[in-house]
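Quick notes on the structure that follows.
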Amino acid sequence: MLKKQWVFREVDLAQRRALSQALSISPITASVLLSRGVATTEQARYWLAPQAASLHDPFQLPDMECAIDRLHRAVTTGERICFYGDYDVDGIAATSLYLTFFRSVGGNAVSYIPHRIHEGYGLNMQAIRQLRQEGVGLLVTSDCGTTAFREVELANSLGLDVIITDHHQVDAGLPPALALLNPYRSDSSYPFQGLCSGGLAYKVVLAYQAKYGHADMPAELLLDLVALATVADVVPLKDENRFFVREGMALISRGARCGIKALKQVAGIDRDCTSGTVAFRLAPRINAAGRLAHAEAGVRLLTTESDREAMETAEQLERLNRERQRIEEATTAEALAAVKGSAVPAALVVGARGWHLGVVGIVAARLVERYHRPAVVIAINEQGIGKGSARSVSGFDLYEALSACRDLLEGFGGHPSAAGLTIQESRLQVFRDRFAEIAENWAGTGSPLPQLHVDAEVNLHEVDQQLMRELGLLHPFGAGNPEPIFAVKNLAILNHRIVGERHLKLTVRHGNSKPFDSIGFRMGSLADMGLSAERAMDLAFVPELNHWNGLDRIQLRIRDLKASQGL
């Protein structure tokens, strides 16, 4: 396990006291709010209980009125509409949202998701020609299209109108689409850039209903799809995204959509769902369709009204996810072997023939976890064309770094933290060297330790059921609102052992506190970490409720552990 630098978040003590008194919450919870930029009582009340009334006006997005007018004309004339989405959870959920709503208002709507292996990301010429031949008159994208200049020009030449809903970074200039809805547009007055494509699709629905009615389907029933997309795409859980995810999680928890209910059943989920449930259990199963087969299975799961079809599709996704896990493990082992045996550069670029394109993003994330460096993992086909995914560390802008390598790439796109690229195998070494040089210049001399941001130092007697209830109000946790991490110093280890797959199990006490069980997943033994139970320890942890035998007990999930330096 990599050593970590603990960074204690600094908060204003007067603000903490004011929040604690105004909201009747503990100073610990007030510290967590302040560390997330929630500084006033009004902001805190919204953070703790976000309301639909606080959602932003969708018409502040450029081209919104043009987009819904064109959609309304297509609905009323029976013109065929195709909702064209990316093959990840965001694209699948946004496409499913569009289909569900516009079919409910009488639209002649179909969907199209490109095949990851055979077609690749985004709009493509062949699909556009095919859809036009099939009578499609209006094409609406989800999670793609912002950089599709040639493809939109082709669509226009064929008489096919294009509406783009996307949240990827915007370069200079925009493709000649009829409407382009993207919160990153420089001319946008929309006050929040953190929407994913599922959130943008929901905004289109809200705008459509505001102008044209059609409230037979309450928009709120679509928030489970928005929550799936928002959590899976790791956009910040701030502003209106908090409302989307909180309301959507209630729908997911009760299985309001038969496809999600079936997916929970095959995944063995029988409790209320959190953002973690979506991120680590539901989203990987939906993503498995696009990684190893065809993402249309995900759309079928999320739009069917048949319990039987939902279960059959969920079982298919479960099988694909198990196969994905097998392939991922093998590819990760090969990628790690490619890095070992040499000095680890400031950024990692590995690639090979025979690697499956569907898992390169996951493997890149594994390399970042292991080495705390930006990582690019590339699958190269028999023609020598490499397609890869990149993942980053905090502060390193992948999109900017890839922009500096654009002369070496066939194409690229994405976000500061995650991106995709295409490259000729013959240029791989030159790209590897330049990308590592960019990362080295960014990092400066030496490779910084990964940082662990700690919200507050506490005494263990302060970690009680009341604190757990207060922290529960801070959900959902994720990007932009991480799980609160606390630190306690100079505690005693009463017992330690290894359980399961090398999980570290501790019983600890702080002064005269009651004993607490603690678990460190895949941390190995104290000896593996160079630690001894005979010494006092500093512990960084996330408090959580452990349900066992009908009782809720507080357990400390270990984030880091180190020997105390004394009082």
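Listed by first and then second residue, the pairs with beta-carbon distance under 7 Å, at least 6 apart or on different chains, first residue in region 347-369 and closer than 20 Å to Val430 by Cβ and charged (D, E, K, R), second at pLDDT 95 or above and buried (at least 20 other Cβ atoms within 10 Å of the Cβ), are Arg353/Ile380. If the condition is being part of a loop (DSSP other than H, G, I, E, B), at pLDDT 95 or above and not small (Gly, Ala, Ser), then region 68-99 contributes only Glu79. Filter region 74-104 down to the residues that are under 13 Å from Ser142 (Cα atoms) and of a type in the set (Phe, Trp, Tyr) and list them by number. Listed by number, the residues that qualify are Phe83, Tyr84, Tyr87, Tyr98.
What about Asp88, is it on the phi > 0 side of the Ramachandran plot, assigned by TED's automatic domain parsing to the domain that holds His167 and crowded, with 17+ Cβ neighbours inside 10 Å? Here the answer is no, as Asp88 does not meet what is asked. Only a single criterion out of (1) assigned to a loop (DSSP other than H, G, I, E, B); (2) surrounded by fewer than 22 Cβ atoms within 10 Å (Cβ to Cβ); (3) touching a strand residue (DSSP E or B) at 6+ places or on another chain (Cβ under 6 Å) is not satisfied by His118, namely (3). Screening Ala53 on (1) surrounded by fewer than 24 Cβ atoms within 10 Å (Cβ to Cβ); (2) small (Gly, Ala, Ser); (3) modelled with pLDDT of 95 or more shows it passes everything except condition (3). If we scan region 99-115, do we find a residue that is within 26 Å of the chain's Cα centre (by Cα), surrounded by 24 or more Cβ atoms within 10 Å (Cβ to Cβ), among the small types (Gly, Ala, Ser) and under 23 Å from Cys66 (Cα atoms)? Among the residues of region 99-115, not one is within 26 Å of the chain's Cα centre (by Cα), surrounded by 24 or more Cβ atoms within 10 Å (Cβ to Cβ), among the small types (Gly, Ala, Ser) and under 23 Å from Cys66 (Cα atoms), which makes the answer no.
Out of region 222-239, which residues are modelled with pLDDT under 95, over 21 Å from Leu48 (Cβ atoms) and not acidic (Asp, Glu)? Ala232, Val234, listed by residue number. Within region 46-96, being more than 19 Å from Val235 (Cα to Cα) and in contact with a Cys (Cβ under 8 Å, 6 or more places away or on another chain) holds for one residue alone: Tyr84. Of all residues in region 462-486, those that are part of a helix (DSSP H, G or I) have Cβ atoms under 9 Å from Cβ atoms of residues that are of a type in the set (Asp, Glu), 6 or more apart or on another chain, in Gln465/Asp552; Met468/Glu544; Met468/Asp552; Leu471/Glu483. Within the option set Ile554, Ile519, being in a strand (DSSP E or B), under 18 Å from Arg502 (Cβ atoms) and of a type in the set (A, V, I, L, M, F, W, C) holds for one residue only, Ile519. Filtering Val349, Val368, Val359 for residues that are assigned by TED's automatic domain parsing to the domain that holds Ala436, more than 23 Å from Ala289 (Cα to Cα), at pLDDT below 95 and within 23 Å of the chain's Cα centre (by Cα) leaves a single hit, Val368. The conditions of being surrounded by fewer than 19 Cβ atoms within 10 Å (Cβ to Cβ), in contact with a strand residue (DSSP E or B) (Cβ under 8 Å, 6 or more places away or on another chain) and within 24 Å of Pro476 (Cβ to Cβ) are met by Lys238. Looking only at residues of region 371-414 that are more than 21 Å from Gln325 (Cα to Cα) and of a type in the set (Val, Ile, Thr), we find that the one that is modelled with the lowest pLDDT is Val393.
The values are calculated or read from the model by the stated rules, or taken from the named source; none is laboratory data. Computed from a prediction, not measured in an experiment: that's the story for all the values here. When we count neighbours, we look across all protein chains shown, and the Cβ atoms used for this are built from the backbone with ideal geometry, even at glycine.
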